[in-house]
Amino acid sequence: MWKGLADHGWSFVNIDDGWVIYGQSAEPKRKHNGEIRTNEKFPNMKKFGDDIHALGLKFGIYSSPGPLTCGGYTANYQHEAQDAQIFASWGVDYLKYGLCSYQKFMKDVNDPQELKIPYQKMHRALQKINRDIIYSICEYGLGNVWQWGAEVGGNLWLTTSDIWDDWDRMAEIGFNQQQAAPYAGPGHWNDPDMLVIGWIGWGENLHYTHLTPDEQYTHVSLWCLLSAPLLLGCDLEKLDDFTLNLISNDEVLA
């Protein structure tokens, strides 16, 4: 699978934003019973999850505690318990939960007590389903999330705002994880964001990473030293030999 990446521990296929109905669309966002509807790109999520599992891989998904996702698609607000049950029925193994539009309900986006509320709510919903789902807290490092992420059920939590393929940005994030380090451990990881290697970008607007080869060696090595979750956002169909070498070096990954 994708040049044998599964043999090196790459085991999740995660869908990010854009799998549900767009918020400004006139199309119904949910069925009559409240069940969330998917868009034409993902007509059968149960089959999609089954197909991923049949490959020996795991199935990840993205949503938000607010009314809309960061991309403006339908999210879980006031449907947390129902949506958690649906995710379980689809065979979801991983949930990335981005704060996004929930911020409009907050007085202070840096207040840990306010930040905990939506994440606790989904955690309680996940505890009631008959499936283990890895819970990824994505609120951009606000309120020192590493200090309380495990308390609200998080298995990993984003410690920063977005990364991009620039040495200064990568180094700013990668070399400034010291305050979060004491809070990481088995089952609870600091997430300094995805790897910016290979062909990256949005939709058809892809470009090869602006990091030099040496900068990419530093990037991947540093993320491994940090015991960071390793997430690829690049186009796997365009994997070149150099990028493949970076992400299949078993000694570094271990």
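Observations on the model:
- Taken over region 39-70, the criterion of being surrounded by 17 or more Cβ atoms within 10 Å (Cβ to Cβ) and over 17 Å from residue 122 (Cβ atoms) is satisfied by 45, 48, 49, 52, 57, 58, 59.
- A count restricted to region 127-165 and to residues that are touching a Gly at 6+ places or on another chain (Cβ under 7 Å) and farther than 12 Å from residue 98 by Cα stands at 3.
- Condition check for residue 59: in contact with a strand residue (DSSP E or B) (Cβ under 8 Å, 6 or more places away or on another chain), among the hydrophobic types (A, V, I, L, M, F, W, C) and farther than 26 Å from residue 160 by Cα: no
- Hits in region 93-108 (condition: in contact with a helix residue (DSSP H, G or I) (Cβ under 6 Å, 6 or more places away or on another chain) and either β-branched (Val, Ile, Thr) or in a helix (DSSP H, G or I) (or both)): 102
- Any hit, region 95-107, residues being open to solvent by 10 Å² or more (accessible area, probe 1.4 Å), at pLDDT 95 or above and farther than 20 Å from residue 142 by Cβ: no
- Filtered residues of region 109-135 (kept if in a loop (DSSP other than H, G, I, E, B) and of a type in the set (D, E, K, R)): 111, 128, 131, 132
- Of all residues in region 1-38 being of a type in the set (D, E, K, R) and open to solvent by 80 Å² or more (accessible area, probe 1.4 Å), the one that is nearest to residue 134 (Cα to Cα): 7
The values are calculated or read from the model by the stated rules, or taken from the named source; none is laboratory data. Computed from a prediction, not measured in an experiment: that's the story for all the values here. Here Cβ is always computed from backbone atoms with ideal geometry, including for glycine, and neighbour counts include all displayed protein chains. Side chains included, ligands, DNA and RNA excluded: accessible areas come from the protein's heavy atoms. Shrake-Rupley method; radii C 1.70, N 1.55, O 1.52, S 1.80 Å.
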